[in-house]
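Below: the structure, in structure tokens.
The values are calculated or read from the model by the stated rules, or taken from the named source; none is laboratory data. Since this is a predicted model, take the numbers as computed values, not measurements. Note: ideal-geometry Cβ built from the backbone for every residue, glycine included; neighbour counts use all protein chains shown. Please note that ligands, DNA and RNA were not included when accessible areas were found on the heavy atoms of the full protein model with its side chains. Shrake-Rupley method; radii C 1.70, N 1.55, O 1.52, S 1.80 Å.
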Amino acid sequence: MYSSSGQPQYATGIPAQPMTAPSQWSTGLCDCGKDWSSCCLTCWCPCITSGRIAEIADKGTTSCGVHGAIYSILCLLTGCECIYSCMFRSKLRHQYMLPEQPCNDCLVHCCCEWCALCQEYRELKHRGFEPSLGWEGNLARQNQGIVMPPVGPKEMKR
């Protein structure tokens with residue numbers, strides 16, 4: 001299957017992102033008001049926002065609940081949950097070739113934890129993900145309507 005630009009399309013369930021040139025963040029660090037629902041969620045339950053971001057950044061290897069629990073435990077015991085959440089900002093930046101701005105990822109999270117989480121959540125939405133669905137839910141949503149033909153035993157041999 002080919003897109004309107006003549007590029008091949010693959011049914012992977014992951015929103016396609018060109019890997020040619022570095023891109024920019026879709027919104028600024030302090031643009032929390034552009035998505036009030038994620039802003040409120042982050043203010044009242046940052047562990048949920050962090051867990052959702054982490055699950056998608058990790059491509060579903062660990063669930064939102066586990067990431068959220070780790071975030072909460074670090075917050076309650078040490079107050080240094082920003083060290084954990086900044087790792088996922090770095091992963092998102094590398095996956096989407098985003099610039100490290102306005103400063104180092106850990107510094108952004110240590111100084112503006114909630115703003116950083118909101119920005120990352122908005123970025124995932126901008127790139128075609130719905131963080132509340134989790135990794136598996138996003139895969140199912142992306143593959144909706146695409147039917148893959150069954151592969152017979154003879155077709156698998158070379």
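In summary, Glu120 fulfils each of the numbered conditions (1) under 17 Å from the mean Cα position of the chain (by Cα); (2) surrounded by fewer than 16 Cβ atoms within 10 Å (Cβ to Cβ); (3) closer than 13 Å to Trp25 by Cα with the single exception of condition (2). All conditions but one from (1) in a helix (DSSP H, G or I); (2) of a type outside the set (Ser, Thr, Tyr); (3) in contact with a Cys (Cβ under 7 Å, 6 or more places away or on another chain); (4) modelled with pLDDT under 95 apply to Leu29; the one that does not is (1). Residues of segment 19-51 that are open to solvent by 70 Å² or more (accessible area, probe 1.4 Å), under 14 Å from Leu117 (Cβ atoms) and without any contact (Cβ under 8 Å) to a residue 12 or more places away in the chain: Ser37, Trp44.
One residue is enough: does segment 56-65 have a residue meeting the conditions of a type in the set (Val, Ile, Thr) and within 24 Å of Ser23 (Cα to Cα)? Yes, the conditions are met somewhere in segment 56-65. Kindly indicate which of Leu74, Leu139 is within 14 Å of the chain's Cα centre (by Cα), part of a helix (DSSP H, G or I) and not β-branched (Val, Ile, Thr). Answer to the check: Leu139.
Every listed requirement among (1) at positive phi; (2) free of Cβ contacts under 8 Å to residues at least 12 places away in the same chain is met by Met97 save one, (2). Residue count for segment 55-68 satisfying the condition of being of a type in the set (A, V, I, L, M) and touching a Ser or Thr at 6+ places or on another chain (Cβ under 7 Å): 0.
Just a yes or no: is a residue in segment 123-134 loosely packed, with under 10 Cβ neighbours inside 10 Å and either outside any loop (DSSP other than H, G, I, E, B) or modelled with pLDDT under 95 (or both)? Taking every residue of segment 123-134 in turn, none turns out to be loosely packed, with under 10 Cβ neighbours inside 10 Å and either outside any loop (DSSP other than H, G, I, E, B) or modelled with pLDDT under 95 (or both). A single entry from Ala54, Ala116 fulfils the requirement of being without any contact (Cβ under 8 Å) to a residue 40 or more places away in the chain, in a helix (DSSP H, G or I), touching a His at 6+ places or on another chain (Cβ under 7 Å) and closer than 23 Å to Asn138 by Cα: Ala54. Residues in segment 117-139 that are more than 18 Å from Cys47 (Cα to Cα) and aromatic (Phe, Trp, Tyr): Phe129 alone.
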